[in-house]
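Scroll down for the structure; my scribbles are underneath it.
The values are calculated or read from the model by the stated rules, or taken from the named source; none is laboratory data. The shown structure was predicted, so the numbers you read here are calculated from the model rather than taken from an experiment. Reconstructed Cβ throughout: ideal geometry from the backbone, glycine too, with neighbour counts over all protein chains shown.
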Amino acid sequence: MTRTTVRIAMNGVTGRMGHHQHLVRSLLALRAQGGLDLGDGTVIWPEPVLVGRSEHKVRALAERHGLEHWSDNLDAVLADDTIAVYFDAQITAARTDAVKKAIAAGKHVYVEKPTATDLAGALELARLADAAGVKHGVVQDKLFLPGLRKLRRLVDGGFFGRILSVRGEFGYWVFEGDWQQAQRPSWNYRTEDGGGIAADMFPHWEYVLHELFGPVRSVQARVTTHIPHRWDESGTPYEATADDAAYGIFELDGGIIAQINSSWAVRVHRDELVEFQVDGTEGSAVAGLRRCRAQHRAGTPKPVWNPDIPDNTAAGSFREQWQEVPDNADFDNAFKVQWELFLRHVVRDEPWRWDLLAGARGVQLAELGLRSSKEGRRLPVPELTR
């Protein structure tokens, strides 16, 4: 057995997402299983080097997980020739400059989304990475969730016939921070720090729609700040300058219409925190994080509007008339699955399509969504090229 060590500078892993999903549930999970077995006697062994601005926090995190290598000096880490990959999970406003430094240092880069605060910055990163000849990738984790992987199976199998529409609901109530602590960091609600739900979630919706149903060709959106006053991590009140809800209509290739509501000011009355309903001429499906249920044309009930009697009492509730789509596979953590693919891309040059240009498409959609809301009109989404 040959072990190939890949040293990875991980910046921003003292934050919730970077710590739990990328460090613990991805790279440390890979180490716990003995590395990434390529199936030919070669094992990729990821070696995290933790990076952060706070010496105390990054050192404590390294000690907590028994990791030997950490630093609060990004420049020194990037100057280390043994570091092959730079990963960034910082706040968006800090990401662009750090990724530029990593590209200039010749590191392969793998970053959280959004890749930049604006389209110009996102495209610049993609072009710099191409010019430097480094491999580059963007986290697009929702593609690897069990629910969406089962939905993809239905799409690829032709289950829907001609797809007509997609309806998405995402969100939950994020506490204001006064009487209960907020579940999200306060920077998410400040535009000046790169916050806002459109900037955060429209990049997700772009790659979900693009990969499963087709490119987005136009967007019409309305964003708003439902909760204007919040309290930060220290209990200090502040004004929320960023949007906490975004309502979007997207037109895709083939005339497919997608409607997706995103909100941090909504109470959940659905089975999962995000759900997509896809309707087609031959069938429909509802997919969430883990589950996917489908209803074929032949099994579709025939409701008749009559508000004077309970709906569908003879055949049971409408929900009961949908069929569960089986797993038919073991689904690993979505972030870990994409990390495995990126490491294989770095070591073996295996195919990879979720690059910084794909990340720029997400930034573009968010930027156009915000502009659409401001101008009150539908906007075309130009195709990006290298």
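When region 341-384 is filtered for residues that are in a loop (DSSP other than H, G, I, E, B) and within 18 Å of the chain's Cα centre (by Cα), the ones remaining, listed by number, are W352, R353, W354, D355. Among the residues of region 160-183, the ones that are surrounded by fewer than 18 Cβ atoms within 10 Å (Cβ to Cβ), closer than 27 Å to I249 by Cβ and within 22 Å of the chain's Cα centre (by Cα) come to 4 in all.
Just one residue in the set K142, K150 is touching a His at 6+ places or on another chain (Cβ under 7 Å), touching a residue at least 12 places away in the same chain (Cβ under 8 Å) and closer than 20 Å to G214 by Cβ; that residue is K142.
Out of G133, G137, G157, I need the residue that is closer than 30 Å to C292 by Cβ and more than 22 Å from the chain's Cα centre (by Cα). Which one? Let's see the steps before the verdict.
Working: G133 fails: closer than 30 Å to C292 by Cβ; G137 fails: more than 22 Å from the chain's Cα centre (by Cα).
Result of the check over G133, G137, G157: G157.
Within region 282-299, residues that are assigned by TED's automatic domain parsing to the domain that holds V268 have Cβ atoms under 6 Å from residues that are among the basic types (K, R) and at pLDDT 95 or above in these pairs: E282/R297; G283/R297; V286/R293; C292/K150, counting only partners at least 6 apart in sequence or on another chain. Contact map, region 180-194: first residue in the same structural domain as R267 (by TED's automatic domain parsing) and among the β-branched types (V, I, T), second residue in a loop (DSSP other than H, G, I, E, B) and buried (at least 18 other Cβ atoms within 10 Å of the Cβ), Cβ cut-off under 6 Å, separation 6 or more or different chains; pairs are T191/A242. If you filter region 319-339 down to residues that are of a type in the set (D, E, K, R) and surrounded by 13 or more Cβ atoms within 10 Å (Cβ to Cβ), you find that the one that is nearest to V139 (Cα to Cα) is K336.
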